[in-house]
Every structure is written in structure tokens, then in C-alpha cells.
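Accompanying notes for the structure given below.
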Amino acid sequence: MCIICSSNSQDLEFLTELDCFGCPLLTSIPETLVNLTILDCSGCPLLTSIPETLTHLIILDCFNCPLLLSIPNTLVQLTKLECFCCPLLTSIPDTLTHLTILNCFCCQLLLSIPDTLTHLIKLDCFGCPLLLSIPDTLVQLTWLSSIDEYFGRSKCLST
Ligand SMILES: [Zn+2]
């Protein structure tokens, strides 16, 4: 159990960093935690959503959440998003234009990578069977692990 599930304190709204990694009980993150800049809610089997109000988030780890349906399009400050192994995630918001690192591999329903993520340096998206192409606009990419690695080959743009 994490601090969210075990606390009824209102003080939590002043938190800037929160780690709920692997909490078996967590179903949602309070939308009052508007000061969060770093959130790790990965490995939470019951978590279905991330609040739209967390607009100060810079780093979001929400990987391995089997019920997570989407990433809010309001998280426009995000520079790093780790949302791999989220089998219900179908898209990455095109508003996350500050992202430099996106790890979204093994998302079974992910359909596309937005062409607006022009600051991406690292993109890890292998094992996404519905993802058929990478946008040409990701000109800053120096590290890409993609569709090819799914078939046992890796592609590294920096070499
Ligand atoms: Zn908890």
C-alpha cells in the first residue's frame, strides 16, 4: 500500500514527488496533487487513469499498468514518459511536445506516435504490433528502438 491509500491527510496536495510504484490497491491518483512534478505509479494493477490536473508533471512513470486507458493531453510539461507494457493504451497525446524520452514499447493497442513530438531524443517502441511507422518529423532522435527490434534486429540512429 502506498501513501495515497494509507493516508487521509490533506497535506498531500503540497507534494512535488510521489512514488506509488507497485501498489496493489491504488485505483486513482487524487486530482488535488497539482504540484506534482515527478510521479511514479507504475506496476499498479488497478489504476485506470491519471488526473488531467497534474499539469506540472515533468516525469511520469506509469508502465506496466494493465488497466490504464490513456495519458491526459494536459501534461504538456512532460519531458519523460515511461508508459511501456500498458496493454490498453491506444495513443500518446500530440500535445506532449516537450517530451525528450518516450518509452512505450509492448503496448499492444498503440496505433501511432504523434508527429508533433519533435524534441524526442529517445524513442523505444518495439513490440507494438499496431504501430506501423514512425513519423518523419522526429528529427532529433538519436536513439530509436522500434518495429525492427521486435523481429530481433535493433536500429540505432546514433551509429
Ligand atoms: Zn496505495
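The values are calculated or read from the model by the stated rules, or taken from the named source; none is laboratory data. Note that the coordinates shown come from a computational prediction; the quantities given were computed from them, not determined experimentally. Neighbour counts are summed over all protein chains in view; Cβ atoms, including those assigned to glycine, are modelled from backbone coordinates with ideal geometry.
Note on the range 1-60: residues that are without any contact (Cβ under 8 Å) to a residue 12 or more places away in the chain and within 16 Å of the ligand (Cβ to nearest atom) total 4.
Quick check on the range 20-30. Is at least one of its residues closer than 20 Å to Phe126 by Cβ, modelled with pLDDT of 95 or more and of a type in the set (Phe, Trp, Tyr)?
So in the range 20-30, the residues closer than 20 Å to Phe126 by Cβ come out as none.
Looking through the range 20-30, none of the residues is closer than 20 Å to Phe126 by Cβ, modelled with pLDDT of 95 or more and of a type in the set (Phe, Trp, Tyr).
Kindly indicate whether any position in the range 94-113 is more than 14 Å from the ligand (Cβ to nearest atom), in contact (Cβ under 8 Å) with a residue 40 or more places away in the chain and crowded, with 17+ Cβ neighbours inside 10 Å. Yes.
Conditions (1) within 12 Å of the chain's Cα centre (by Cα); (2) within 20 Å of Leu33 (Cα to Cα); (3) at pLDDT below 95, marked per residue:
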site: Phe105; (1), (2), (3): yes, no, yes
site: Pro114; (1), (2), (3): no, no, no
site: Ser145; (1), (2), (3): no, no, yes
site: Arg153; (1), (2), (3): no, no, yes
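Would you say Asp124 is among the acidic types (Asp, Glu), at pLDDT below 95 and within 12 Å of the chain's Cα centre (by Cα)?
Details: among the acidic types (Asp, Glu): yes; at pLDDT below 95: yes; within 12 Å of the chain's Cα centre (by Cα): yes.
Against the criterion (among the acidic types (Asp, Glu), at pLDDT below 95 and within 12 Å of the chain's Cα centre (by Cα)), Asp124 qualifies.
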